[in-house]
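Inspection log for the structure reproduced underneath, given as structure tokens.
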Amino acid sequence: MGVYDLIQRRWTVTRNYPVAAHLRWLFFDLRPYLRQYIVEGDLEGKPYSYEARSLVHARALGGEEAHPFGTELDVLQPGYRWANHSIAPAENPEKEPRIEIGNDQCSQHYSASLLNISAMSFGALGSHAIQALNKGAKQGGFFHDTGEGGISPYHLKHGGDLVWEIGSGYFGCRNDDGSFDPELFKEGATREQVRMTEIKLSQGAKPGHGGMLPGAKVTEEIAKTRKVPAHEDCLSPRGHTAFSTPVEMMEFAARMREMSGGKPVGIKLCVGQMHEVFAVMKAMLKTGIHLDFIVVDGAEGGTGAAPLELSNHVGMPLREGLILMRNALVGTGLKDKVRLGSSGKVFSGYGIAENIALGADWCNAARAFMFSIGCIQAQRCHTGTCPTGVTTQDPIRQRALVVDVQAERAARFHKKTLHALADIVAAAGVEHPRDLRPHHISIRDNPTDARSFDAAKAFLQPNELLDAPEDTIYARHWQAADADSFKPRQDLPHPEKESEEA
Ligand SMILES: Cc1cc2nc3c(=O)[nH]c(=O)nc-3n(C[C@H](O)[C@H](O)[C@H](O)COP(=O)(O)O)c2cc1C
Ligand code: SF4
């Protein structure tokens, strides 16, 4: 080995330190574990701190979740947020709150929990994980989003409510050329277990990327579920082919609602350019077709695998995206018709409370539910060697995940988190999470100043964008929005150029 190391040409350190340099590889492999078990402090650990993971694990296991001796957070740190409680707490907060989804254009409304399992495909997750999550959803009365990889037999086995997500690859409802197949869609969407359908436009961890499942991972089962050839690379294009303008997207959504037998239909996206959000609103106003829901995913969201640049630097974080979407819906008078979901590192009752106070109607969580069924944040999801059997197709590794045991844990985590939400709701002096408002949450600007969100950010009044858009902070983006194009309107003078000329 020493001679080979000396003459090989690929590795620099190995050429100078034959044999000994192999220890580096060993430590690279052990690095996540050494960091997690030995070095990491309670508030460290990324994307989720040890404290966050421990909370989910404790709730899932039904163990001790009380925290002794006071907060370890630095409450003087800029960005620290808290909920403003009341002198008069509510006595009987709603413990299992639900939200009705579906406007007057849909005939099969759905009553959703305020915490649900966010989209994760069969392919990204193994069959045991899908089963555990779905069985947990059945036990706990919440929904399970299929992710864009189609409806697998494992989604159907335990009868938990499903939201069927349709991505740009139209997996499970596609023709051989990758285009949308209405007949296959109808077949899946009319299943009783499918309660809503969702068009995926983007996700926070890799907006505008699409994706590719390498041929090696496209097993016979995955191929059958997705309706693609087995053992060949399986591509999700960057964008949709079934529509190319906001108006066409509304028409497509209306077709989906009709083909599903009148079930709620929505979109999921990570917000990017602001005028596009307003273009979607204008398309709803122009066509009279109203989406039943919109889910905003934050840039901080997770994925099985994504380019680092896209995860780190593309897409709007949840807080900004959520407030923008809330303002777009309220400002156009559409908020009563279109429910607003949110996802992005939600793992606790406080996270749900904050999102709802800022405009969301409910939350979805992906990674927190992964923790609840055993994930330890080893971050090997893309390698197929997940040590807990969550994100692997390897049957030997999946043996680690016992469906019945982990299903109960997912359900218990859900229930206890909603009870924690109820504690915050009661402390705020209201009975139901829907009564939380921006003034219930504060954020610290610097060590001496903090503001409640109603003072920190603009929250539009109903119809403000219709009545006086020029008086809002969104004037420029509203003006640039076009119901017939995702591109900004070109026929208007550029506001920045105008002011330069003036
Ligand atoms: C393993 C994994 C697979 C995912 N697959 C999908 C997917 O198929 N479709 C989608 O819209 N989002 C997908 N996501 C994103 C999540 O649905 C969610 O939007 C994001 O992770 C934010 O939630 P979290 O912060 O609670 O994890 C995936 C996330 C993970 C971790
Ligand atoms: S335990 Fe598995 S699912 Fe969790 S982060 Fe590690 S590889 Fe991914």
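Can you give me the solvent accessible area of W11 with a 1.4 Å probe, rounded to the nearest 10 Å²?
About 110 Å², ignoring ligands and nucleic acids.
Kindly report the accessible area of the chain per residue (heavy atoms of protein chains, probe 1.4 Å, no ligands, DNA or RNA), in Å².
For the chain, the solvent-accessible area averages 47 Å² per residue.
May I ask which of K95/K457; K157/K337; K282/K335; K46/K135; K224/K345; K138/K335 have a Cα-Cα span longer than 23 Å here?
In this structure, K95/K457; K157/K337; K46/K135; K224/K345; K138/K335 exceed 23 Å between Cα atoms.
Which length gain, in nm to one decimal place, applies between V75 and E183 when the Cα-Cα distance is subtracted from 0.36 nm times their residue separation?
33.3 nm
Starting from the eigenvalues of the Cα gyration tensor, five times each then square-rooted, give me the equivalent ellipsoid semi-axes of segment 50-149, largest first, whole Å.
Computed over segment 50-149, the values are 31, 23, 15 Å.
V19 to H439: FRET efficiency via 1/(1 + (r/R0)^6), r the Cβ-Cβ distance, R0 45 Å, to the nearest 0.05?
Result of the calculation: an efficiency of 0.10.
Where Rh denotes the Kirkwood radius from the mean inverse Cα pair distance, what is Rg over Rh for the chain?
Result for the chain is an Rg/Rh of 0.99.
Between H382 and L466, what's the calculated FRET efficiency when r is the beta-carbon distance and R0 is 41 Å? Round to 0.05.
E(calc), rounded to 0.05, equals 0.35.
With both bridge residues required to lie in the chain, what share of the DSSP beta bridges run antiparallel, to the nearest 5%?
Roughly 35 percent of the beta bridges in the chain run antiparallel, per DSSP.
Calculate the spin-label point distance for E248 paired with I473, positioning each point 7 Å from the Cα along the beta-carbon direction, and give it in nanometres.
Placing both labels 7 Å beyond Cα along the Cβ direction yields 3.4 nm.
Of Y350, N134, S121, which is farthest along the charge dipole of segment 115-421 in the positive direction, counting Lys and Arg as +1 and Asp and Glu as -1 at C-beta?
Y350
Provide the per-residue ³J(HN,Hα) series for segment 207-222, in order, calculated from phi with Karplus coefficients 6.51, -1.76, 1.60 and θ = phi - 60°, each as a whole number of Hz, with x at glycine and proline positions.
Each residue of segment 207-222 in turn: x, x, 9, x, x, 9, 9, x, x, 4, 8, 8, 6, 4, 5, 5 Hz.
Can you compute the charge dipole magnitude of the chain about its Cα centre, using +1 on each Lys and Arg Cβ and -1 on each Asp and Glu Cβ, nothing else charged? Give it in debye, rounded to the nearest 20.
1560
As an exercise, use a Förster radius of 51 Å and the Cβ-Cβ distance of A58 and T12 to find the FRET efficiency, rounded to the nearest 0.05.
So the FRET efficiency works out to roughly 0.65.
If we count every other residue with Cβ under 12 angstrom of G178's Cβ, Lys/Arg +1 and Asp/Glu -1, where does the sum land?
Charge balance in the 12 Å sphere: 0.
Grab the alpha carbons of segment 104-231, take their convex hull, and tell me the volume per residue in Å³.
Value for segment 104-231: 121 Å³ per residue.
Which peptide among 295-301, 418-424 comes first, and what is the full order, when sorted by highest mean count of other Cβ atoms within 10 Å?
Final packing ranking: 295-301, 418-424.
Starting from 0.36 nm per residue, how many nanometres of slack lie between L156 and K95 once their C-alpha separation is accounted for?
Answer, rounded to one decimal: 19.1 nm.
Near the amide H of K268, under 5 Å away, which other amide H atoms are found, from residues 5 or more places off or on another chain, if H is placed in the peptide plane?
I199, K200, L201, S202, V295
Would you please classify the overall shape of segment 421-481 from the alpha carbon gyration tensor, given that a ≥ b ≥ c denote the square roots of the eigenvalues, rounded means a/c under 1.5, and beyond that prolate means a/b larger than b/c while oblate covers the rest?
Verdict is oblate for segment 421-481.
Residue-wise, which Karplus ³J(HN,Hα) couplings in Hz belong to segment 399-416, taking 6.51 cos²θ - 1.76 cosθ + 1.60, θ = phi - 60°, and x for glycine or proline?
Calculated HN-Hα couplings, in order: 4, 4, 9, 8, 3, 4, 5, 6, 4, 4, 5, 4, 5, 5, 4, 4, 5, 5 Hz.
For M212 paired with L308, estimate the spin-label separation in nm (one decimal), with each label point 7 Å from Cα along the Cα-to-Cβ line.
It is 2.0 nm.
Can you give me the three principal axis dimensions of segment 321-459 from its C-alpha atoms, in Å, biggest first?
In descending order, the Cα extents are 54, 40, 29 Å.
Given +1 on the Cβ of Lys and Arg, -1 on the Cβ of Asp and Glu, and no further charges, what dipole in debye does segment 233-309 carry about its Cα centre, rounded to the nearest 20?
300
Among 68-75, 53-60, how do they line up from the highest to the lowest mean number of other beta-carbon atoms within 10 Å?
So the order, starting with the most tightly packed, is 53-60, 68-75.
The values are calculated or read from the model by the stated rules, or taken from the named source; none is laboratory data. None of the values given here were measured: they were computed from a predicted structure. A quick note on method: Cβ atoms are made from the backbone with ideal geometry, for glycine too, and the neighbour counts reach across all protein chains shown. Accessible surface is based on the protein model in full, side chains and every heavy atom, while ligands, DNA and RNA are left aside. Shrake-Rupley method; radii C 1.70, N 1.55, O 1.52, S 1.80 Å.
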